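A.B. asks: Sharing a structure below in structure tokens format, with a few things to ask.
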């Protein structure tokens, strides 16, 4: 009566008709075709793009990190250079100061020597002048003294003593005249 | 059958009942005169090729294709809600079924895995949802069709990788078996790998769905009979209890529907994996 009735000894284990067997296979192939050509490639390319995006992000972060490291290195280098330069300038200044000090000291010493020299020269000149004046005067003085001594009585010790005293006193007064 | 049928639909002519055990019989959508009069010799081709079960398989296939095209349409690197659902399902098949079982060649077989799982799943779920209330794979022709395809797939994959004779040797002569045992082992391996595998694959799917639908029928129709046809009051109570229990059976059948789709898919992957494995 129905399509099922009269099927062989296997009962429901055999299809009523090959139609469902064939239709099932055909439908599956249609699904497979769409999934194969459209669905799976779309999913896989999305996943690949996502993996790429994530990997790209990591790459960018790594690059930024490297750049930061390079900048840090550069700053550190600059800092070191600046430090070196500062210490060099300090050293130079110290050296220059010492040099200036030495120069000043030399100049001062030279000046002092010059002043001393000038003093010496002056003293020598004065001394020579004094000696010359003395040499000139001593003759006259000696003559004067001798005249005075001779002019008085040689016997009178007291007188001669007074003469000598007078001479000395004159002599003391003489430089003030000269 | 007759007292059971009366509360529902008056049946005309020789047409089979459209519910109960009759739901296992395919009904033509446009029955010819020969069919309505039970004239076996003169069925029109539409009586066989354009039936409710064929239509439901076609709708199932259309839903599967529609679903995958919908979720894979306009995919973004950062998924939205729709894409998230699609990726969740796809990843389950791709990572936990295909990749874990098939290893590094899994992308070759991924379309097959995705297609077979979704096609079987939606047709199994038809058994629990309105409009059809009938699992397509409890018609054994559909189950045999997919079992045959899987059989062709794993043997084809093995032959393609190893060549015909090398593949047959690998599948029938396990490594490390003493020569004395070979006369026993080889027929067993042939039986197991080439005959039992496709038969159990198709039969398991069919039998689970067929039996599940039958149990639902027993509870619902039996309960209906006890409530409406049977006279003693105790039978009416038992019928009500059966109707309530039918919901539990429905829940169980939902689990079976998903599980059988998963098992069919995993076994397909497993068979392909054993056919292309380096050692087994």
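The values are calculated or read from the model by the stated rules, or taken from the named source; none is laboratory data. Quantities reported herein were computed from a predicted structural model and do not represent experimental measurements. Here the Cβ is made from the backbone with ideal geometry for all residues, glycine too, and neighbour counts use every protein chain on show.
A.B. asks: Cβ-Cβ under 9 Å, sequence separation 6+ or interchain: first residue in the range A:155-175 and within 19 Å of residue A:139 (Cβ to Cβ), partner loosely packed, with under 13 Cβ neighbours inside 10 Å and modelled with pLDDT under 75. Which pairs?
C.D. replies: Going by the 9 Å Cβ cut-off, the qualifying pairs are A:163/A:151.
A.B. asks: Of all residues being in contact with a helix residue (DSSP H, G or I) (Cβ under 6 Å, 6 or more places away or on another chain) and more than 8 Å from chain A (Cβ to nearest Cβ) in the range B:48-66, which is modelled with the lowest pLDDT? Just the residue, please.
C.D. replies: B:56
A.B. asks: Do we have any residue at all in the range B:268-275 that's within 30 Å of residue B:176 (Cα to Cα) and surrounded by fewer than 18 Cβ atoms within 10 Å (Cβ to Cβ)?
C.D. replies: Step one: of the range B:268-275, the residues within 30 Å of residue B:176 (Cα to Cα) are B:268-275.
This time we only want the ones that are surrounded by fewer than 18 Cβ atoms within 10 Å (Cβ to Cβ), so: B:270, B:274.
The answer is yes; a qualifying residue exists.
A.B. asks: More than 15 Å from residue B:260 (Cα to Cα) and touching a residue at least 60 places away in the same chain (Cβ under 8 Å): which single residue out of B:153, B:131, B:146, B:164 fits that description?
C.D. replies: After applying the criteria, what remains is B:153.
A.B. asks: Further question: For the range B:31-42, how many residues are facing chain A (nearest Cβ under 8 Å) and on the phi < 0 side of the Ramachandran plot?
C.D. replies: Final tally of qualifying residues: 1.
A.B. asks: Now for a different question. Within the range A:30-42, identify whether any single residue is under 59 Å from the mean Cα position of the chain (by Cα) and assigned to a helix (DSSP H, G or I), and answer yes or no.
C.D. replies: no
A.B. asks: State all residues of the range B:67-80 that are surrounded by fewer than 17 Cβ atoms within 10 Å (Cβ to Cβ) and at the interface with another protein chain (Cβ under 7 Å from one of its Cβ atoms); if no residue qualifies, say none.
C.D. replies: Matches in the range B:67-80: B:69, B:77.
A.B. asks: Next question. Can you confirm whether residue A:53 is more than 8 Å from chain B (Cβ to nearest Cβ), part of a helix (DSSP H, G or I) and either free of Cβ contacts under 8 Å to residues at least 60 places away in the same chain or over 30 Å from residue B:21 (Cβ atoms) (or both)?
C.D. replies: no
A.B. asks: For the range B:88-105, which residues satisfy the criterion of being within 13 Å of chain A (Cβ to nearest Cβ) and buried (at least 19 other Cβ atoms within 10 Å of the Cβ)?
C.D. replies: If the condition is that a residue be within 13 Å of chain A (Cβ to nearest Cβ) and buried (at least 19 other Cβ atoms within 10 Å of the Cβ), then B:90, B:93, B:94, B:98 are the ones that fit.
A.B. asks: Go through (1) within 13 Å of chain A (Cβ to nearest Cβ); (2) at pLDDT below 95; (3) surrounded by 14 or more Cβ atoms within 10 Å (Cβ to Cβ) for residue B:117 and report which single condition fails.
C.D. replies: (2)
A.B. asks: Only one of B:215, B:237 is over 25 Å from residue B:126 (Cα atoms) and in a helix (DSSP H, G or I); which?
C.D. replies: Of B:215, B:237, the one residue that is over 25 Å from residue B:126 (Cα atoms) and in a helix (DSSP H, G or I) is B:237.
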